[in-house]
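Nothing in this text is a laboratory measurement; each read-out follows from the coordinates by a stated rule. Predicted model, so just to flag it, every value in this text is computed and none were measured. Note that we place each Cβ from the backbone using ideal geometry, even for glycine, and neighbour counts take in every protein chain shown.
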Protein chains: 2
Amino acid sequence: MATKRATISDVASLAGVSIATASKALNGRQDVRAATRERVLAAAAELSFQPNALARGLLSGQTRTVGLLTSDSVGRFGIPVLLGAENAFGAGEMAVLLCDARGDAIREQYHLRALLSRRVDGLIVVGESTNPRPSVSKDLPVPVVYAYGPSEDPDDVSFVPDDVGAAAMAVNHLLAMGRRRIAHVTGPTHYKAARDREEGLRLALAEAGLEQVGQTLSGPWSQRWGRHAAEMLLMSEPEIDAVFCGSDQVAAGFVETARERGRRVPDDIAVVGYDNWEVLSTETRPALTTVDMNLELLGRTAAQHLFAAIDGKATPGVHKMPCQLVIRDSTSPPGVS
Amino acid sequence: MATKRATISDVASLAGVSIATASKALNGRQDVRAATRERVLAAAAELSFQPNALARGLLSGQTRTVGLLTSDSVGRFGIPVLLGAENAFGAGEMAVLLCDARGDAIREQYHLRALLSRRVDGLIVVGESTNPRPSVSKDLPVPVVYAYGPSEDPDDVSFVPDDVGAAAMAVNHLLAMGRRRIAHVTGPTHYKAARDREEGLRLALAEAGLEQVGQTLSGPWSQRWGRHAAEMLLMSEPEIDAVFCGSDQVAAGFVETARERGRRVPDDIAVVGYDNWEVLSTETRPALTTVDMNLELLGRTAAQHLFAAIDGKATPGVHKMPCQLVIRDSTSPPGVS
DNA sequence: CTGAAAGCGCTTACAG
DNA sequence: CTGAAAGCGCTTACAG
């Protein structure tokens, strides 16, 4: 804690000029004599002058601050999106006001008011899943961009991972590795992510003229479920040569059980996960080939789009962002490719 | 996006009163006639009036906003601390400005300036590890509280988990379960967390008049290292009946390899982890007994302390926050206790 | 009970 | 090139 903060009038009097001149000098205006400018700058430095952003914001109507409204920061998916956004903003002069509504609509309204009264220039709403969520954008005086979880309202701007495309890409990779008998284990079907990834699988198989082996097995997004599903699948469909899993947790469980049952991964069964959650995907034996949703990029893109929207140029609709397949040993043993 | 925002003078003229009266009515002052107040409130509602927090802040000198400066939000530890803080603030009227410096001192200074120019009322600095970090508090016009990673300056206020105490508690639990031949596998010694947890182990063993079995094994904080350490330890010290691991990642690897080598956990070897990172601790077989550092509580406490500091009552020093032992099957098989 | 006036810290036309 | 004045949206003594 230090002494009282200097204001621009302190700087002006120390430099022996008017407040107006001090302001111009500090803001790099041209119409100030060089010598005067230097005196002002020296005074500002001596007083450790920091302009008051509140006063500026009051004048300009812009705060250079955006709100980040999340439903579930604890969630694994919100965090990277948030970081990507924070990055895009931090690089400029933007600051981020973070609010976590924890899935509670009342709390969300409450935070929304708090953000608006602080006059944020815009808002990013980060979903906890890719399930569409109610719009908050109606009658809001600032632009809003949705990230990860899209808005239900097609007039809003949303950025989501292209789960269908990524799943198809993953399955095409399995096909390229020569696999033909592919099964699918995933999460609960009330997740759009689970449904989209299954659809990607279907598209890729249909295009190759193949049938999925067995039914899609749905269960919790957990390692335990992955193990259990593996037990079932190895029993009921012993001839499978690949499994596409809806998450790394599921895949980690699958790989573990396959190993215990003496099935070699990838030689006997290739396994693909989803999420590239590294604490799992790089630590299983073998490490997992998996889809990385590039969530930081998604967050950054959403933030950049928000800038554009603040400047009046928004592109409504749901924008699907490309994902990336990270190939590791669970589909492609070392030395083989 | 909607129409222009209403100001208090819009409200005043719609209600047919002066700005001063409108302000008093809106702020619940007593000295306004009930009928007048109602007219003002009605006008405010009709115009969806939201007071401009910038203008208020300029007057009062308080923004009801705090800065949260993190070094590594990606890190697993910053997040819960951040959430706990966000919670404590959100419950009141505080808002949180989030900045991630990603371990870069330059960027940290930059963010610091941005936060100060926005006139935050206070600052929480969240560390990425429990290693002490340079102070940012010198000559700052607002109070600062450090969470998880303490400041190097003892005059600052820091909140950290009590790793020494928690490790001792974990080891005492093993002793209570009748274990006497306890080994230790942990992370890199340049982490204070690794050193503190080892010290806790030492204290507990010394008090019980026991010796640690074998040397402390240090390696990366990874599951892979846990497996490797298990191979070594089961070879070199086959008589161990318990292992205290410095993290859940290490413990997960240890349990896995013990299982593969035919050692029963906990019957032959009891295992304790650290962190209660649930994706690991509840999914290993058996699930891990582990230390939960109560990081959300830590964050909340830091935030509450920041409030106190803003009101002028800070308690300097490093405050050690209690952790909690979560007992699962890796030390205490079902039905046995 | 109500309102005119001053002021928070800054920027921006507008005169000089 | 420099400075007096108005104003951003609000609150708070202070008169009436």
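What is the total of Lys pairs in chain B with C-alpha atoms under 29 Å apart, excluding same-chain pairs fewer than 8 positions apart?
Values: B:K4/B:K24; B:K138/B:K192; B:K138/B:K313; B:K138/B:K320; B:K192/B:K320.
Within chain B, the lysine pair count is 5.
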Open item on the list: Quick one: the Cα spread of the protein assembly as shown along its three principal axes, in angstroms, biggest first?
Closed with: 81, 69, 58
Task: Ellipsoid semi-axes in whole angstrom, largest first, where each is sqrt(5λ) of the Cα gyration tensor of region A:1-108 - done: 40, 14, 13
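Can you give the percent of C-alpha pairs in region B:163-292 whose distance is more than 23 Å?
Numbers: 1513 of 8385 pairs.
Of all Cα-Cα pairs in region B:163-292, 18 percent lie more than 23 Å apart.
Which ordering of B:V272, A:V96, A:V142 is given by a fewest-first count of other beta-carbon atoms within 10 Å? Don't skip to the answer; put the middle values down first.
Details: B:V272 31, A:V96 24, A:V142 20.
Least crowded to most crowded, the residues run A:V142, A:V96, B:V272.
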Task: 7 Å along Cα→Cβ, label-point gaps from A:V318 to other copies, nm, shortest first - done: 5.1
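Based on the Cα gyration tensor of chain B, what are the three equivalent ellipsoid semi-axes, each the root of five times an eigenvalue, rounded to whole Å and given largest first?
Details: eigenvalues 564, 85, 55 Å².
Ellipsoid half-lengths, sorted descending, are 53, 21, 17 Å.
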Task: Helical segments meeting 15 Å axial Cα length and Kyte-Doolittle 0.0 threshold in chain B (DSSP H) - done: B:34-46, B:78-91, B:163-176, B:295-310
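Compute the relative contact order of region A:171-216 as a whole-number percentage, counting only Cα pairs closer than 8 Å that sit 6 or more residues apart in sequence.
On the way: 30 pairs, mean separation 24.4, N = 46.
Across region A:171-216, relative contact order equals 53 percent.
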Task: For chain B, built as a Gaussian network whose Cα springs stay under 10 Å, the top-fluctuating residue of B:V17, B:V120, B:V213 - done: B:V17
TODO: Return the Cα extents of region B:159-222 along principal axes one, two and three, sorted largest first, each rounded to a whole Å.
DONE: 30, 29, 18
Open item on the list: I want to verify a result. In a Gaussian network model of chain A, Cα cutoff 10 Å, which of these has the top mean-square fluctuation: A:D31, A:D139, A:D267?
Closed with: A:D31
TODO: With an 8 Å cut-off on Cα pairs and a minimum separation of 6 or more residues, tell me the relative contact order of region A:8-51 in percent.
DONE: 43 percent
TODO: Would you mind listing the distances between the A:P238 label point and the same position in each other copy? Use 7 Å along Cα-to-C-beta, nm, one decimal, shortest first.
DONE: 3.6
Open item on the list: Can you compute the FRET efficiency between A:R181 and B:E278 using 1/(1 + (r/R0)^6), with r the Cβ-Cβ distance and R0 = 51 Å? Round to the nearest 0.05.
Closed with: 0.90
Task: Residue with peak Gaussian network fluctuation, chain B [Cα springs, cutoff 10 Å], from B:L280, B:L59, B:L234 - done: B:L59
Task: Relative contact order (percent, whole number), chain B, Cα cutoff 8 Å, 6+ residue spacing - done: 17 percent
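Averaged over B:51-59, how many beta carbons belonging to a partner chain fall within 10 Å of each residue's beta carbon? Provide the component values of the computation, followed by the final result.
On the way: counts 1, 8, 9, 13, 5, 3, 7, 5, 1.
Per-residue shielding by partner chains comes out at 6.
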Task: Rounded to whole Å, sorted largest first: equivalent-ellipsoid semi-axes of region B:8-51, Cα gyration tensor - done: 14, 10, 9
Open item on the list: Show me the GluC sites (Glu not before Pro) within region A:246-337 that DSSP assigns to loop and that have at most 16 other Cβ atoms within 10 Å of their Cβ.
Closed with: none
Task: Label distances, nm, B:T189 versus same residue in remaining copies, Cβ-directed 7 Å point - done: 5.7
TODO: With a Förster radius of 30 Å, plug the Cβ-Cβ distance of A:K4 and B:E152 into 1/(1 + (r/R0)^6) and report the FRET value to the nearest 0.05.
DONE: 0.65
Task: Partner chain coverage, peptide A:115-123 - average Cβ within 10 angstrom - done: 4
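Over all directions, the average projected area of the alpha-carbon convex hull for region B:227-337 comes to how many nm²? Display every interim value, and only then the final one.
Working: hull surface 35.1 nm².
Averaged projected area of region B:227-337's Cα convex hull equals 8.8 nm².
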